[in-house]
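Values in this text are rule-based calculations from the coordinates and carry no lab data. Predicted model, so just to flag it, every value in this text is computed and none were measured. Note that we place each Cβ from the backbone using ideal geometry, even for glycine, and neighbour counts take in every protein chain shown.
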Amino acid sequence: MNRNQLEGNWKQFKGEIRTQWGKLTSDDVDIVAGERDKLIGKIQERYGKAEAEAAREVDEWMSRH
């Protein structure tokens, strides 16, 4: 999946995002609105991860979908 697909199918993926990263709130997911960089930032914020680690997780998740 690429970034455009993530944004275009965001409503479908909201539940899967919450399952993958359970510390993200519904509001967090709404704020992200399919933007990869915002998702990475929220994962950093909620999990205390480095940007590179959060980006790797998001990229791995995107490659599976």
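Take peptides 19-26, 51-58, 37-44 and line them up by average Cβ neighbours within 10 Å, highest first, as a rough protection proxy.
37-44, 51-58, 19-26
When Rg/Rh (Cα atoms, Kirkwood Rh) is calculated directly from the model, which label among (i) 1.24; (ii) 0.91; (iii) 0.94 fits?
(ii)
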